[in-house]
Amino acid sequence: MQIREDRIAVLTTLCQNRILVMDGAMGTMIQRYKLSETDFRGTRFKDRNNDLKGNNDLLSLTAPNVIKTIHNDFLDAGADILESNTFNSTRISMADYAMEDLAYELNVTGAKLARECADAFTDKTPDKPRFVAGSIGPMNKTLSVSPDVDNPGFREVSFDGVVAAYKEQVRGLIEGGVDLILIETIFDTLNAKAAIFATQDVFEDLGITLPIMLSCTVTDMSGRNLSGQTVEAFWYSVRHAKPFSVGLNCAFGAEHLRPHAKVLSEIADTRICVYPNAGLPNEMGEYDETPAMTSAHLADWAASGLLNITGGCCGTTPDHIRAIVDAVKGVPPRVIPKANHQMRLSGIDPITIIHSQISDAAEVAV
């Protein structure tokens, strides 16, 4: 427990002094191995009667050396923060592969693999400590949008069910030794609220508190997520969690994500973390943006004072991360603005009610 508290203190200090860099795309790197169905099954699951190829989180159990090699490649490129290979490791998401009962084990193991790699690099370079963020994805079910166009009130999952699944995941990640909880690729804010609630509930149960990182993904150029919120409305919806950082990932490349990150940077009284894709995917679903292109965009972001933490999402490789590390080296991190306390509310759009408006409303009521 004390060791984890010490790491968090070091992480907080580092964030005050420089821009930290996360790793790149686990899925992109796994695809480069061109693994077969047999590789995904390993010996433990060789007799399963359903297809397992594509269940990337399962590789933590069946091909741990592949996952560790990918982690090490990103660390060697200069990443400060590793994400565990647990993006889909909830009971709800694992139901696609009839592997619900593996959820807890996948989180413990995924976290331990990243922890082992991070600690080994920290031992080699004590002046550059490495950290592990427990990756929590958005699930494959949404609480805000009905999957049935003829029944808008229908939901495949309940809030309580989503909370229970996330609690199991968070417990596993903590047991595996993560330093942070990363709730990422948030396309449905209600799912994120369930993840936040679950995380804080587990903290209370275990008597431990870790930093929480929140990362939204926008689904169109207007800057809204799938549940319809602008990034400003999203921030007002989750600010109560007092996250270690808030930001954006996935979606577009840095060029198109910049205006939305700028909005968030201007209003959020916490650290900003943005890790974009390597541009937009081409017609083959691949990413053409080179490390030099991605890093040039993020160098501009850093010079403009938009970043505290950065990194890469879909399509980004160790070469991208290495270029990003070089691009932000020596650039001071964004200065966190002081909170301007007002009544701020949000649906899909934000609203700020200033004191004079409240006073005027009270006079009219009288």
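The values are calculated or read from the model by the stated rules, or taken from the named source; none is laboratory data. Values in this document were obtained by computation on a predicted structure and should not be read as measured data. Note that each Cβ is placed from the backbone with ideal geometry, even for glycine, and that neighbours are counted across all protein chains shown.
Close contacts from segment 170-192, counting a first residue that is at pLDDT 95 or above and a second that is in a strand (DSSP E or B) and acidic (Asp, Glu), with Cβ to Cβ under 9 Å and a gap of 6+ residues or different chains, come to 182/83; 184/83.
Determine whether segment 247-254 contains at least one residue that is of a type in the set (A, V, I, L, M), at pLDDT below 95 and within 24 Å of residue 299 (Cβ to Cβ). Looking for residues that are of a type in the set (A, V, I, L, M), at pLDDT below 95 and within 24 Å of residue 299 (Cβ to Cβ), one finds at least one in segment 247-254, hence yes. When residue 206 is tested against (1) within 19 Å of the chain's Cα centre (by Cα); (2) at pLDDT 95 or above; (3) of a type outside the set (Asp, Glu), just one condition goes unmet, and that condition is (1). Among the residues of segment 296-325, those identified as part of a helix (DSSP H, G or I) and touching a Phe, Trp or Tyr at 6+ places or on another chain (Cβ under 7 Å) are 318, 321. Scanning segment 178-221 for residues that are polar (S, T, N, Q), within 16 Å of residue 142 (Cα to Cα) and assigned to a helix (DSSP H, G or I) yields a count of 2. Only one of the numbered conditions (1) under 17 Å from the mean Cα position of the chain (by Cα); (2) within 24 Å of residue 244 (Cβ to Cβ) is not met by residue 140, and that is (2).
Taken together, 257, 248 contain a single residue that is touching a Cys at 6+ places or on another chain (Cβ under 6 Å), under 21 Å from residue 346 (Cβ atoms) and surrounded by 24 or more Cβ atoms within 10 Å (Cβ to Cβ), which is 248. If the condition is being under 17 Å from residue 270 (Cβ atoms) and surrounded by fewer than 20 Cβ atoms within 10 Å (Cβ to Cβ), then segment 287-331 contributes only 305.
Filter the helices (runs of 4 or more DSSP H) completely within segment 1-89 down to those with at least 1 residues that are closer than 19 Å to residue 133 by Cβ and basic (Lys, Arg).
Working: elements: 2-17, 26-32, 37-41, 59-62, 64-76.
In segment 1-89, 2-17, 64-76 are the helices (runs of 4 or more DSSP H) which contain 1 or more residues that are closer than 19 Å to residue 133 by Cβ and basic (Lys, Arg).
Looking only at segment 332-348, residues that are exposed (fewer than 13 other Cβ atoms within 10 Å of the Cβ) and either of a type in the set (Lys, Arg) or within 20 Å of the chain's Cα centre (by Cα) (or both) come to 1 in all. Being closer than 29 Å to residue 101 by Cβ, of a type in the set (Asp, Glu), crowded, with 19+ Cβ neighbours inside 10 Å and in contact with a Lys or Arg (Cβ under 9 Å, 6 or more places away or on another chain): is that true of residue 179 here? Yes: the conditions hold for residue 179. Among the residues of segment 257-313, those identified as of a type in the set (S, T, N, Q), under 17 Å from residue 327 (Cα atoms) and over 20 Å from the mean Cα position of the chain (by Cα) are 290, 304.
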